[in-house]
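This report concerns only the one structure given below.
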């Protein structure tokens, strides 16, 4: 053009208004310019999606369509979407090199910390999420909807204010960046918002909730703590979770909190009769141990043993380590009070009895890991585990006497084990099945037409 060679270009819409929906193209322009800079989409880009990705909380997800409250409705009764596009999320700013996050060392507790609003500074805090890897970490930022002195607040279109807690998985991000599929996975997205209200609405595409006032901390649910034991929790994708963020407060658009790293969960937990014991923690600042029975807090212990004379068969016990700062570890592996099975191995565990001596025997460990890392980390899961261990011993005793019943249970358990060990394959099968059903319905509709 005019004697100059154009090597790169961005195609932008002249208008995004159609079907009675009014859109300010500014949000779309900014989103597409983000792509030109090298940023990926942070919504699900697949034809069939089970997640909303980062939702309205990021310009690179659906936040480019956020509406200015003053223009929703406007003078003509219309809602002008895209009139207040969201800021870039914390990960995108770091990826672009625009912000260097404050990254406290994990050798001691960061202690009291604060975050100013993102429009006024570049304050982002990075906390290692897993004891096992530095590739999984939390990014903390302060997003506010209120008016700011001297500058425009583009986050005024957000649904709420407070601290956003992002769980980042660099392994997933790096593997999917080129294909623009960073947030396509329902099970393990690369950039995931930990929603303070715990409803995981961004992991549900059917509820039309792309971000609510309950998502930030403390938010409308007044959630002032997130630890390995809370709902939601600081559970990463690989063990162990140890981040504790407590005493979260917000005043004059500044968010303050206490941050710490918990000790590892107690190891070697055993139950002999009514005496629960475990190995002493090697952490230098261990204070106490908390005992949980059937997923409910029971008591604390200053030593490495605890006696519960009220324990009955089926009761499940876990132990949590507490340090001097009050940081709580993840749950230990669970132990269950039970009578030995009459025959067939399995120790009174229904699943272990069915798998004993078969091709599934080695996979019992995978089920136990799923129990410890997922089921015991939420209230619904703990209720399920409690019920299982109450009814498991008598069922185990029955199937132990009949090989045909054991074989039948193994057949029923096989797809469950495979789905837990290979969740990506399961998700692929679900997507493929949904695609096949959708294709068949379209063909049927076309033939009827």
Of all residues being in contact with a helix residue (DSSP H, G or I) (Cβ under 7 Å, 6 or more places away or on another chain) and closer than 30 Å to residue 238 by Cβ in the range 372-408, which is surrounded by the fewest Cβ atoms within 10 Å (Cβ to Cβ)? Just the residue, please. 374
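Residues checked against (1) surrounded by 14 or more Cβ atoms within 10 Å (Cβ to Cβ); (2) more than 27 Å from the chain's Cα centre (by Cα); (3) outside any strand (DSSP E or B); (4) not assigned by TED's automatic domain parsing to the domain that holds residue 163:
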residue	(1), (2), (3), (4)
246	yes, no, no, no
255	yes, no, no, no
280	no, yes, yes, yes
284	no, yes, yes, yes
287	yes, yes, no, yes
306	yes, yes, no, yes
313	yes, yes, yes, yes
322	yes, no, no, yes
Within the range 337-344, does at least one residue satisfy the condition of being at pLDDT 85 or above, surrounded by 15 or more Cβ atoms within 10 Å (Cβ to Cβ) and either in contact with a strand residue (DSSP E or B) (Cβ under 8 Å, 6 or more places away or on another chain) or assigned to a helix (DSSP H, G or I) (or both)? yes
Could you tell me how many of the residues in the range 11-38 are touching a strand residue (DSSP E or B) at 6+ places or on another chain (Cβ under 8 Å) and loosely packed, with under 10 Cβ neighbours inside 10 Å? 0
Give the residue that is nearest to residue 208 (Cα to Cα), with candidates limited to residues of the range 62-74 that are part of a loop (DSSP other than H, G, I, E, B) and touching a strand residue (DSSP E or B) at 6+ places or on another chain (Cβ under 9 Å). 66
Check the range 14-27 and report whether any residue there is in a loop (DSSP other than H, G, I, E, B), in contact with a helix residue (DSSP H, G or I) (Cβ under 6 Å, 6 or more places away or on another chain) and not assigned by TED's automatic domain parsing to the domain that holds residue 199. yes
Is one or more of the residues making up the range 79-88 free of Cβ contacts under 8 Å to residues at least 40 places away in the same chain, in a loop (DSSP other than H, G, I, E, B), within 25 Å of residue 14 (Cβ to Cβ) and more than 26 Å from the chain's Cα centre (by Cα)? no
Determine which member of the set 426, 387, 375 is at pLDDT below 75 and under 32 Å from the mean Cα position of the chain (by Cα). 426
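Residues are listed down the side, and each one gets a yes or a no for (1) touching a residue at least 24 places away in the same chain (Cβ under 8 Å); (2) assigned to a loop (DSSP other than H, G, I, E, B); (3) touching a helix residue (DSSP H, G or I) at 6+ places or on another chain (Cβ under 8 Å):
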site: 175; (1), (2), (3): no, no, no
site: 181; (1), (2), (3): yes, yes, no
site: 184; (1), (2), (3): yes, yes, yes
site: 208; (1), (2), (3): no, yes, no
site: 213; (1), (2), (3): yes, yes, no
site: 224; (1), (2), (3): yes, yes, no
site: 232; (1), (2), (3): yes, yes, no
site: 237; (1), (2), (3): yes, yes, no
site: 249; (1), (2), (3): yes, no, no
Residues located in the range 169-215, provided they are crowded, with 24+ Cβ neighbours inside 10 Å and either outside the structural domain of residue 32 (by TED's automatic domain parsing) or more than 17 Å from residue 62 (Cβ to Cβ) (or both): 169, 196
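The values are calculated or read from the model by the stated rules, or taken from the named source; none is laboratory data. On a predicted model such as this, the values are computed, not experimentally measured, just so you know. Don't worry about glycine lacking a Cβ; one is built from the backbone with ideal geometry, like all the others, and counts go over all protein chains shown.
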